[in-house]
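See structure below.
The values are calculated or read from the model by the stated rules, or taken from the named source; none is laboratory data. All values derive from a computational prediction rather than experimental measurement. Reconstructed Cβ throughout: ideal geometry from the backbone, glycine too, with neighbour counts over all protein chains shown.
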Amino acid sequence: MEITSFLMDKRTFLKQLGSTALLTPFLPYDLRAISDDKEGYPSPDTEDFWLRIRRDYALKPDYINLENGYYCITPRPTLKKYFEHIEEINLHGSYYMRTVQWDNKKRIAQRLAKWLGCGSDELIITRNTTESLDMIISGFPWKAGDEAIYARQDYGSMIDQFEMIGSRYGVVNKVISVPNHPESDDEIVALYEQEITSKTKLIMLCHMINITGHILPVKKICEMAHRYGVEVMVDGAHCAGHIDVDIGALGCDYYASSLHKWLSVPLGAGILYVSRKNIPKIWPLLAEHEREEGGISRLNHTGTHPVYTDLAIADALDYLDMIGLERKEKRLRYLQRYWSEPLREVSGLNVNTPKELGRSCGIGNIGVKHIEPLTLAKTLLEEYKIFTVAIDQSNVHGCRITPNIYTTTAELDRFIEVMTSLSAP
């Protein structure tokens, strides 16, 4: 009875804390603050450096944001440049659109290709990962009876696209399930390999599973698939700007990522990589004209679109270069393990993200055994002012937790305390 009373009192305290603590050191900037902070950055690899980075973000004081996975807030230096691009393009009007827009987009795509380890003639700028991968799925030269393989944990929009081409072309979709805690890379590779037949044409797999943060052994799967003559399409939505991505080293046939996620470009930016040998066989989503036959630009007809977002990609890359990708990846992995490691030891909780260091980075997932994920997410937000997203599918039942580089360990301490409290029946 005394223990139960103590837990209830502690929960009441944490709820009350939720309405007051956020007014103190957690979220210091008003949402409207977008002016430059003239103070420089301290020496990297110190906590002061990350506190200074935090000042580059205008954050709402309403809650602790642990849901950066949908898209990441753009830091103020990049946002300022973005607004300048909007004003400049608005000033020039049609003149810009009829003269240099394509040269600028090509220049930025070349920089992205170099950064991601592929040829500049193999990469285009798109609006997001869904558009990129659905373009491959729908444009692939399918024949009735062809087979595709993907996982239950893959992103729903691409699964929907595979189901559509199954209905339209008679493609047979074979679905596997990726375990949250694999014994080895070989276990993952074998799951895909055992579904391959002489009719298998394409495997889709995640580089980083969006609902758990699980990093898959992409290179090993590609090497295995290619021995059977099967092509591999990789969903890297959460990878560019999050972990080091070298598309050439992975050896995949197709790769896509969303740049408004961990690279923190304003909404509406992504990439699609198509290996040089595969470009000619993919049907464009929209008809193109006056393009080099077999060139990747034939897949990049978009019509009139917000070209200032394309320009902001370069500014986001500049900001990342200032931080350093290796340093950012290390920080994101540190923040995830900061909260996940202690909570793995708490009875009543399930961490749905692999424990091994190289199998995850900034994204994690955790559930309370006696609380449904939707209820958990609602409780965290409404009672404790912590924003997450519920995941309740396949073998993943919990909330996805995605801190960003502006997240403080004090915020994560509070999350740990709340989750420990909720773990008790």
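Within the stretch 319-330, the set of residues being touching a residue at least 12 places away in the same chain (Cβ under 8 Å) and either in contact with a Cys (Cβ under 6 Å, 6 or more places away or on another chain) or of a type outside the set (Val, Ile, Thr) (or both) comprises Tyr319, Leu320, Met322, Gly324, Leu325, Glu326, Arg327, Lys328, Glu329.
It is to be established whether one or more residues within the stretch 183-202 are part of a loop (DSSP other than H, G, I, E, B), of a type outside the set (S, T, N, Q) and surrounded by 19 or more Cβ atoms within 10 Å (Cβ to Cβ). No: the stretch 183-202 contains no residue that is part of a loop (DSSP other than H, G, I, E, B), of a type outside the set (S, T, N, Q) and surrounded by 19 or more Cβ atoms within 10 Å (Cβ to Cβ). Does Asp310 fit the bill of being in a helix (DSSP H, G or I), in the same structural domain as Ile159 (by TED's automatic domain parsing) and touching a Ser or Thr at 6+ places or on another chain (Cβ under 8 Å)? It is false that Asp310 is in a helix (DSSP H, G or I), in the same structural domain as Ile159 (by TED's automatic domain parsing) and touching a Ser or Thr at 6+ places or on another chain (Cβ under 8 Å). Restricting the search to the stretch 306-338, which residues are exposed (fewer than 15 other Cβ atoms within 10 Å of the Cβ) and closer than 27 Å to Asn90 by Cα? Asp318, the sole residue that qualifies.
Within the stretch 61-73, not a single residue is surrounded by fewer than 20 Cβ atoms within 10 Å (Cβ to Cβ), more than 30 Å from Asn365 (Cα to Cα) and more than 19 Å from the chain's Cα centre (by Cα). Scanning the stretch 358-403 for residues that are assigned to a loop (DSSP other than H, G, I, E, B), touching a helix residue (DSSP H, G or I) at 6+ places or on another chain (Cβ under 7 Å) and without any contact (Cβ under 8 Å) to a residue 40 or more places away in the chain yields a count of 0.
Remark: pairs (first residue in the stretch 341-357, assigned to a helix (DSSP H, G or I); second residue of a type outside the set (D, E, K, R); Cβ separation under 8 Å; 6+ apart in sequence or on different chains) = Pro342/Ile416; Leu343/Leu349; Leu343/Val351; Leu343/Ile366; Leu343/Ile416; Leu343/Met419; Leu343/Thr420; Arg344/Val351.
When restricted to residues that are among the small types (Gly, Ala, Ser) and not in a helix (DSSP H, G or I), the stretch 153-182 contains 2. On the stretch given as the stretch 60-97, residues that are touching a strand residue (DSSP E or B) at 6+ places or on another chain (Cβ under 7 Å) and closer than 23 Å to Ser258 by Cβ total 5. Within the stretch 182-194, residues that are in the same structural domain as Tyr228 (by TED's automatic domain parsing) sit with their Cβ atoms under 6 Å from residues that are assigned to a helix (DSSP H, G or I) and at pLDDT 95 or above, at 6+ positions apart or across chains, in these pairs: Pro182/Ile188; Asp185/Lys220; Val189/Lys220; Val189/Ile221; Val189/Met224; Tyr192/Ile221; Glu193/Met224. On the basis of being of a type outside the set (Gly, Ala, Ser), buried (at least 21 other Cβ atoms within 10 Å of the Cβ) and either in the same structural domain as Tyr41 (by TED's automatic domain parsing) or in contact (Cβ under 8 Å) with a residue 60 or more places away in the chain (or both), does Glu411 make the cut? Judged against the criteria, Glu411 is a match.
Please verify whether Asp56 is of a type in the set (Asp, Glu), out of contact with any Ser or Thr (no Cβ under 6 Å at 6 or more places or on another chain), at pLDDT 95 or above and crowded, with 17+ Cβ neighbours inside 10 Å, treating the condition exactly as stated. Here the answer is yes, as Asp56 does meet what is asked. Considering every residue within the stretch 328-335, establish whether at least one is part of a helix (DSSP H, G or I) and over 30 Å from Pro77 (Cα atoms). Checking the stretch 328-335: not a single residue is part of a helix (DSSP H, G or I) and over 30 Å from Pro77 (Cα atoms). Does Asp244 meet the test of being in the same structural domain as Ala151 (by TED's automatic domain parsing), surrounded by fewer than 22 Cβ atoms within 10 Å (Cβ to Cβ) and under 20 Å from the mean Cα position of the chain (by Cα)? Yes: the conditions hold for Asp244.
Within the stretch 283-306, residues that are assigned by TED's automatic domain parsing to the domain that holds Lys143 and more than 22 Å from Trp142 (Cβ to Cβ) have Cβ atoms under 6 Å from residues that are modelled with pLDDT under 85 and assigned to a loop (DSSP other than H, G, I, E, B) in these pairs: Ser297/Arg291, counting only partners at least 6 apart in sequence or on another chain. On the stretch given as the stretch 220-267, residues that are among the basic types (Lys, Arg) and touching a residue at least 60 places away in the same chain (Cβ under 8 Å) total 1.
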